[in-house]
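What follows is calculated from the coordinates using simple rules that are stated; it is not laboratory data. Just so we're clear, the structure is a prediction, and the values are computed from it rather than from any experiment. Glycine also receives a Cβ, built like all others from the backbone with ideal geometry; neighbour counts cover every protein chain displayed.
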There are 2 protein chains.
Amino acid sequence: MIGVDWGTTQLRAYRIDSSGGVLASRSAPKGIMAVEGGAFAHTLEAVIADWLDQEPAPILMSGMIGSRQGWVEAPYVPCPARADQVAQALVEVAWGNGRRGFICPGLACRDRDGVPDVMRGEEVQMFGALDALAEAAGSAICHPGTHSKHVTVEDGTVAGFRTYMTGEVFAVLRDHSILGRTMAAGPADWQAFDRGVERASNSGGLLHHLFGARTRVLMDEIAPAAEADYLSGMLIGHEIHAAGGSGAVLVVGAQALAERYARAFRLCGREARVLDDETATVKGLRLIHDLAQKAAS
Amino acid sequence: MIGVDWGTTQLRAYRIDSSGGVLASRSAPKGIMAVEGGAFAHTLEAVIADWLDQEPAPILMSGMIGSRQGWVEAPYVPCPARADQVAQALVEVAWGNGRRGFICPGLACRDRDGVPDVMRGEEVQMFGALDALAEAAGSAICHPGTHSKHVTVEDGTVAGFRTYMTGEVFAVLRDHSILGRTMAAGPADWQAFDRGVERASNSGGLLHHLFGARTRVLMDEIAPAAEADYLSGMLIGHEIHAAGGSGAVLVVGAQALAERYARAFRLCGREARVLDDETATVKGLRLIHDLAQKAAS
């Protein structure tokens, strides 16, 4: 089968064998924001024309391609949600040439105070990770990123999740606030990162801790080259404390970022394992594809 | 006397009578970042040459003019600190023509976890506010702004304070994050502001609440023209909860922002009064000036 992880900035396509192994992969900077005039079919054909000629099965896509700005909007599946429910809610795209393509819907939930939350793309990774690790019961999964997701899984069902704007807050503070002005480039400083994670457990709140990053640099308690990692640790620490929970957590993400989160979880007394997000995506696309085929037959 | 509130972007000068009333005032966009080559004396003379000809008393300055980037660095006075201790720590600037000028030092403290904190300029406003309102015992004072300060005063002594990066975080999120992209201009929406303040008392933490501002707009629960006020209320609410305390609070700041904070404090069950920051600055400069004269005589 062919699976496509199609996000805001990147398109990643995979040829996947029947056990969820990758036969071939391609990526292009053709995220949905780079596609003009709704030319999604044309864009995809330009990247994987040769695969399409060889592969008769429907293409399965996930990510922002199913948003209002994508090829076709795939309405969110409400939590609690299982993988087979997602597989039965695939939305077909209009494609010519007798080809068929489907988009995997995202998930929606409300937090305990009734505020809505959404994900698109991480749900495929999450079901893929659960399938790959054969873990369905009582798992906590974290998807770090621009908008980090913390997911609670009970018996293979996504009970709910919460999103944290951690990655984006880090980027805007580094690039546009007074904190960035004292930062200097340097190699990763894990000691500073750990101090940031520890700082997050202090009283005073995030808005106060942020200002402390500046004063600590001004008072020579933190080196300019260490400030970015101190800030990173502080923000990730606040996210982990706010997400709460106890016990082991599975971090699914790009390797460097996932390892950074796993380190922070361990500092907070949690067991943490890492699974590469590409592996999780491919396993998840295969699983959803197979469940959809089974339901259709 | 002549008092000067000299910040990063603005210079504000006052002629002040013996009871702390304003005889005349002038302002110019000549903050310390706009002064080239250390020409502070020249810059000030250009704004108030006629006053200087008439007024023999020393000039008292406060704010970032006393920072490392200012005219001369006035080392921080450590907390706990009283007004007379600040008055005895004035630093004289090198000025020609037989004129004399002094800079008021800022205050420094450490929070309960040992992280340093600093202020420059707000200390003059705070002592001025206490003097103007004849309140020296058990007061909580809030100076809202780019970097908000919450100050604890005991018997006329500044016991300590904490800074929150609230105003700057609001600005960078509005101008540079995904939250700003869905915002539309509109008149102040106090209902949305109040919902933001209330949201801050929910569980989940600031980083999660921020993402909820986006989803609530996408789900039509908050209008694009109301999103900025919702975000503002949320950040100010988080600041107030983190600052803690109970009982009445005095908000010293520019009127619109101070009234916004007072509204949030009241929503959080606190009594709140507002004092205009210009009044507080002038009263404070007069007080410090008089205390310095008294100590010198």
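Values as computed for the structure displayed
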quantity: Most mobile listed residue (B:Val153, B:Val197, B:Val172) in chain B, GNM with C-alpha springs under 10 Å; calculated: B:Val172
quantity: Relative contact order for the stretch B:166-275, counting Cα pairs under 8 Å that sit 6 or more residues apart, in percent; calculated: 29
quantity: Student exercise, the stretch B:166-275 dipole from Lys, Arg, Asp, Glu Cβ charges, in Debye to nearest 20; calculated: 120
quantity: Computed over chain A: relative contact order in percent, which uses C-alpha pairs under 8 Å that are six or more apart; calculated: 18
quantity: No Cys partner within the rule (Cβ under 4.7 Å), the protein assembly as shown; calculated: A:Cys104, A:Cys142, A:Cys268, B:Cys104, B:Cys142, B:Cys268
quantity: Label-reachable residues, the stretch A:16-42, where backbone N falls under 11 Å from a point 7 Å from A:Gln54's Cα toward its Cβ; calculated: A:16, A:23-25
quantity: Gyration tensor over alpha-carbon atoms, the stretch B:123-221, equivalent ellipsoid semi-axes in Å; calculated: 34, 14, 13
quantity: Difference of contour (0.36 nm per residue) and Cα-Cα distance, A:Ala159 to A:Ser297; calculated: 46.9 nm
quantity: Charge tally in the Cβ shell below 14 Å around B:Val282, where Lys, Arg are +1 and Asp, Glu are -1, B:Val282 excluded; calculated: -2
quantity: Within chain A: Cβ-based charge dipole about Cα centre, in debye rounded to nearest 20 (Lys, Arg +1; Asp, Glu -1); calculated: 300
quantity: Gain in span if fully extended, A:Glu45 to A:Ala248, counting 0.36 nm per residue against the direct Cα distance; calculated: 68.9 nm
quantity: Cubic angstrom per residue, convex hull over Cα atoms of the stretch A:86-156; calculated: 137
quantity: Separation of the B:Glu92 and A:Ala223 label points, Cα + 7 Å toward Cβ, nm; calculated: 4.2
quantity: Candidate lysines - alpha carbon under 29 Å from B:Lys149, same-chain residues fewer than 8 apart omitted; calculated: B:Lys30, B:Lys283
quantity: Distant-in-sequence amide H partners of B:Gly101 (H built 1.01 Å from N, under 5 Å); calculated: B:Ile59, B:Val93
quantity: Charge dipole (debye, nearest 20) of the stretch A:15-101; +1 at Cβ of Lys and Arg, -1 at Cβ of Asp and Glu; calculated: 180
quantity: Per-copy distances of the A:Asp175 label point, shortest first, in nm (7 angstrom along Cα→Cβ); calculated: 1.4
quantity: Per-residue Cβ neighbour rank within 10 angstrom, fewest leading, A:Thr152, A:Thr146; calculated: A:Thr146, A:Thr152
quantity: Positive-end extreme of charge dipole, chain A - chosen from A:Thr146, A:Ala94, A:Ala223 (charges on Cβ); calculated: A:Ala223
quantity: Evaluated over the stretch B:166-275, the Cα radius of gyration and Dmax, each in Å; calculated: 13.5, 39
quantity: Farthest toward positive dipole pole in chain B [+1 Lys/Arg, -1 Asp/Glu at C-beta], among B:Ile103, B:Val72, B:Val172; calculated: B:Val172
quantity: 37 °C / 0.692 mPa s Stokes-Einstein diffusion coefficient of the stretch A:30-141, Kirkwood radius on C-alpha pairs, µm²/s; calculated: 212
quantity: Average beta-carbon neighbours from other chains, 10 Å sphere, peptide A:212-225; calculated: 3
quantity: Residue (of B:Leu285, B:Met1, B:Gly205) at the positive-pole extreme of chain B, dipole from beta-carbon charges; calculated: B:Gly205
quantity: Residue of B:His150, B:His238, B:His208 that the Gaussian network model of chain B assigns the largest fluctuation, springs spanning Cα pairs under 10 Å; calculated: B:His208
quantity: Computed [θ] at 222 nm, helices only, for chain A once each DSSP H run of length n ≥ 4 contributes -39500 (n - 2.57); calculated: -12500 deg cm²/dmol
quantity: Rg and Dmax [Cα atoms of chain A; Å; Rg one decimal, Dmax integer]; calculated: 20.5, 68
quantity: For the protein assembly as shown: Kirkwood Rh in Å [reciprocal of mean 1/r, alpha carbons]; calculated: 26.7
quantity: Under 13 Å from A:Lys294, Cα to Cα: aspartates and glutamates that are on another chain or at least 8 residues apart; calculated: A:Asp84
quantity: GNM result for chain A, Cα springs below 10 Å: residue of A:Arg112, A:Arg26, A:Arg263 fluctuating most strongly; calculated: A:Arg112
quantity: In the stretch A:33-99, the trypsin sites (Lys or Arg not before Pro) that fall in loop regions by DSSP, at most 13 other Cβ within 10 Å; calculated: A:Arg68
quantity: Sites matching GluC sites (Glu not before Pro) across the stretch A:242-293 that sit in DSSP coil, with at most 15 neighbouring C-beta atoms within 10 Å; calculated: A:Glu271
